[in-house]
1. If I take the Cα coordinates of the stretch 33-110 and project them onto the principal axes, what are the three extents in Å, biggest first?
2. Leaving out ligands, DNA and RNA, what percent of the accessible area of the stretch 104-147 is carbon and sulfur, probe 1.4 Å?
3. Using only helices, what value at 222 nm comes out for the chain when you add -39,500 (n - 2.57) per DSSP H run of length 4 or more and divide by the total residues, to the nearest 500 deg cm²/dmol?
4. For the stretch 71-143, what D do you get in µm² per second when you plug the Kirkwood radius from alpha-carbon pairs into Stokes-Einstein at 4 °C and 1.567 mPa s?
5. Taking amide H positions as placed in the peptide plane 1.01 Å from N, state which residues far from residue 71 in sequence (5 or more) or on other chains have amide H under 5 Å from it.
6. Name the lysines eligible as straight-distance cross-link partners of residue 46: C-alpha to C-alpha under 19 Å, and not fewer than 8 places from it in the same chain.
7. Give me the 1.4 Å probe accessible area per residue for the stretch 12-104, excluding ligands and nucleic acids, in Å².
8. Placing one identical point scatterer on every Cα of the chain and ignoring solvent, what is log10 I(q)/I(0) from the Debye formula at q = 0.13, 0.17, 0.18 Å⁻¹?
Amino acid sequence: MSRIDIAYGAEHRIKQACQTVYKHFLAGRHVLVYCTDPKRLEAFNKMLWSVEATAFVPHPYLGEGGDMARIHLCHTLSTDSLSQWEGGQKPWLLNLDINCPPFFEQFDRVLEIISTHPEDRRLARERVAVYKQGAHQIVYHDLTPKA
């Protein structure tokens with residue numbers, strides 16, 4: 001059973017995803033960022049380079065070297081997506097796709113970020129329904145700015 005962390009109320013999904021990945025990078029965690037939409041993944045890629053003025057967060061595409069990197073990007077997932085981490089720290093999965101990632105059950109933690117945009121919220125409700133069907137542990141995090 002996976003733990004699904006749902007962070008909702010973000011003003012900008014990609015920007016929040018970059019901040020989240022940067023926080024986990026600084027904590028020494030491994031994160032696999034998944035999205036089948038090349039434009040969205042490339043937007044994340046570019047924005048991560050500017051998440052912090054002095055930060056350097058190596059984040060190659062999965063399978064393209066960067067064995068020492070803790071952050072990897074990928075367009076596809078398979079049952080052997082975790083094989084390169086055998087014996088090491090298993091990565092968390094950050095989903096930037098509009099659907100649930102295939103084989104997400106093989107990850108201990110799945111991170112979902114939901115913006116305030118109506119279509120993003122609608123698609124997220126569909127993903128959450130899938131996670132709930134699998135009886136996964138779901139933890140909600142409210143990112144709504146507090147006044």
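The values are calculated or read from the model by the stated rules, or taken from the named source; none is laboratory data. Just so you know, these numbers come straight off a predicted model, no measurement behind them. In case anyone asks, the SASA skips ligands and DNA or RNA and just uses the protein heavy atoms, side chains included. Shrake-Rupley method; radii C 1.70, N 1.55, O 1.52, S 1.80 Å.
1. Per principal axis, max minus min of the Cα coordinates gives 35, 30, 21 Å.
2. In the stretch 104-147, the share of accessible area belonging to carbon and sulfur is 56 percent.
3. Values: 3 runs with 41 residues, N = 147.
Calculated mean residue ellipticity at 222 nm is -9000 deg cm²/dmol.
4. Translational diffusion coefficient: 96 µm²/s.
5. Close amide H contacts, sequence-distant or interchain: 31.
6. Filter leaves 15, 23.
7. Per-residue value: 51 Å².
8. Each listed q corresponds, in turn, to -0.54, -0.96, -1.09.
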